[in-house]
Amino acid sequence: MGQVAEQHDRLGRRLKRIGSMIAVMSGKGGVGKSTVTASLADALTRKGICTGVLDADLNGPCMARMMGVPDFKPSPKNGSMTAARNEFGIPVMSMGMFLPDERTPLVWDANSQRGAYTWRSMVEMSALRELLSDTEWGDLDVLLIDLPPGAERLQNLVDLLPNLAGAIVVTTPSVVAMKVVGRSISMATDITNVEVVGIIENMSAVVGPACGHQDKFFGETSMVEDLAAAHDVPYLGKIPFDHRLADCLDHGQSYLQTHRSKPAATAILSIAEQVFSWTKTKSS
Amino acid sequence: MKFLCVPCDQPMNLHSTHGPFDGTMSIVYECPSCDVQMAMLTNKAETQMVRSLGVKIGGRTAPAEPMETLRSSLAVSHEESASESSSGGRCPFTGVISDAMAAAEPEAGIHWSPEALTRLEAIPSYIQPMVKRNIEDYARDRGLSEIDEGVMDAMKGQLGM
């Protein structure tokens, strides 16, 4: 038990230098959590807010690529692991940095993979704890934690981080996604007692590349706003799908740097402003 | 977790460990007062579960290296994420277990037949090191000096792959 306590002490010491830790979550996969995480980190940094990114999706890591550091390999230094820093100085840590290449899946060493369900989640929790506690984050105002899909992921994170400041929930305006996301919000607010910073409606429309006209993906609807109201959590805004945003993140480039006037960029900056205001309110 | 010697009302000390052999190991504790010994046997799942916790049986004498459990538990990792010191790194849940595993790693005396090597090379590269080590452990535990296709067939079911 002493060693487990020491692990938690080590985590606590590291996280003292981080202002607010915010999870980016969704019960549903494919709604754009990682896109939102990378974009918010970019936007917050441009506002002068020291922001870091932890890729907590151990089995599907993508933040290293999205943040422009796909080839970075961490190394030990003074008892910590160095974080990657992208061209804007944002520290990034991801499981993918420990794997040989982007084709290699995460396989844990074991005498047999049979029966892995009995220990896999435990070793993943240990790995996640170490990614948090052993990374040299420096002094941060905000650490964004990109969670994998699944309502239970937030609960696992809260077990590690009882002082998690809040969670941003991402959804698309599809009925199927929102039903699942609604459960995740209930999990956050009712079971894990995590404050929801707000809901982001991602891929709300598609932007014509030439004319800038927006076509709805899912028809005219206010379902996500209704979902936010039903759970009494803030609605942070909608981000239209822009293939240039996807292209930029595929290549680790800043969308805000090159497409600042586009509707999606305006939305991201507005949402980042609200997130920052929320953190200021929480810390005051 | 500690074991108590009931007659002496003393916590027992770690005495020695044996294994892991085929994923199982025994950990021997001894009472400092009466020298009575007891052994705890772990099966494969229990060994792996303790390993997953990132703790060291018998207590630590040195602080954990950064991301020790993560780096030592990967079936294959990037070579550049190697240890800061030459001695650390692969030390998952115990000097005990990892030392024993390290001791089991040398391949001296184990010969691979060409057919067995061909089959090994057909396995995805990212799990080859783990599979190779497990098969060699399997052969070593049974006193075999050569790994041929028959050994691989016998081992196949145990790998779960």
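From largest accessible area down, sort A:T279, A:T35; use a 1.4 Å probe on the protein chains.
Per-residue accessible area, sorted high to low, gives A:T35, A:T279.
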_Computed helical MRE - 222 nm, chain A, DSSP H runs ≥ 4 contributing -39500 (n - 2.57), nearest 500_ = -11500 deg cm²/dmol
*For segment A:66-186, with only Lys/Arg (+1) and Asp/Glu (-1) charged at the beta-carbon, what is the dipole magnitude about the Cα centre, in debye rounded to 20?*
440 debye
*For chain A, give the magnitude of the charge dipole about the Cα centre (Cβ charges: +1 Lys/Arg, -1 Asp/Glu; no others), in debye to the nearest 20.*
260 debye
_Taking loop as defined by DSSP and a crowding limit of 15 other beta carbons within 10 Å, which trypsin sites (Lys or Arg not before Pro) in segment A:93-187 fit?_
A:R103, A:R114
*Go ahead and set up a Gaussian network model of chain A, Cα springs under 10 Å, then flag whichever of A:S20, A:S94, A:S174 fluctuates most.*
A:S174
_Just to be sure I understand: with springs between alpha-carbon atoms less than 10 Å apart, which residue in A:D146, A:D109, A:D57 has the highest mean-square fluctuation in the Gaussian network model of chain A?_
A:D109
*For chain A, modelled as a Gaussian network with Cα springs under 10 Å, which listed residue fluctuates most, A:T266, A:T37, A:T104?*
A:T104
*Would you please state which residues of segment B:33-51 a label at B:C8 would reach in this model, taking the label point 7 Å out along Cα→Cβ and a backbone N cut-off of under 19 Å?*
B:33-40
*Using +1 on the beta carbon of Lys and Arg, -1 on that of Asp and Glu, and nothing else charged, what's the dipole of segment B:111-159 about the Cα centre, debye to 20?*
180 debye
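Tell me, what is the FRET efficiency for A:R183 and B:S145 to the nearest 0.05, using R0 = 56 angstrom and their Cβ-Cβ distance as r? All intermediate terms of the calculation are to be shown ahead of the outcome.
Working: r = 57 Å, r/R0 = 1.02.
Approximately 0.50, to the nearest 0.05.
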*FRET efficiency, 1/(1 + (r/R0)^6) with R0 30 Å, evaluated for B:H18 and B:E115 via beta carbons*: 0.35
_Listed residues B:M49, A:Q3, A:N86: farthest to the positive end of the dipole of the protein assembly as shown (Cβ charges)_ = A:N86
*Toward the positive end of the charge dipole of the protein assembly as shown, about the Cα centre and with charges on Cβ (Lys, Arg +1; Asp, Glu -1), which of A:Q257, B:A62, B:L4 goes farthest?*
A:Q257
*Taking A:K73 as the anchor, which lysines have their alpha carbon closer than 16 Å to its alpha carbon, excluding any fewer than eight residues away along the same chain?*
none
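How far, in nm, would the chain grow between A:A116 and A:D247 when pulled straight, counting 0.36 nm per residue and subtracting the alpha carbon separation? Before the final figure, lay out each step's value.
Details: separation 131, 0.36 × 131 = 47.16 nm, distance 3.66 nm.
This chain segment gains 43.5 nm when fully extended.
Between the DSSP loop rule and a limit of at most 12 other Cβ atoms within 10 Å, which GluC sites (Glu not before Pro) in segment A:79-169 are left?
Passing both the DSSP loop test and the Cβ count: A:E87, A:E102.
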*Counting only the backbone N, which residues of segment A:25-44 are under 19 Å from the spot 7 Å out from the Cα of A:Q155 toward its beta-carbon?*
A:25-29
_Taking beta carbons within 10 Å but only from partner chains, what does the mean come to for residues A:95-101?_
5
*Among the lysines, which have Cα under 25 Å from the Cα of B:K132 when same-chain residues fewer than 8 positions away are ignored?*
B:K44, B:K156
*What are the trypsin sites (Lys or Arg not before Pro) within segment A:237-281 that DSSP puts in a loop, where the Cβ has at most 15 other Cβ atoms within 10 Å?*
A:R260
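The values are calculated or read from the model by the stated rules, or taken from the named source; none is laboratory data. All values derive from a computational prediction rather than experimental measurement. Glycine gets a Cβ as well: all are built from the backbone with ideal geometry, and neighbour counts include every protein chain shown. The protein model used for the area step is the full one, side chains on, heavy atoms only, and it has no ligands, DNA or RNA in it. Shrake-Rupley method; radii C 1.70, N 1.55, O 1.52, S 1.80 Å.
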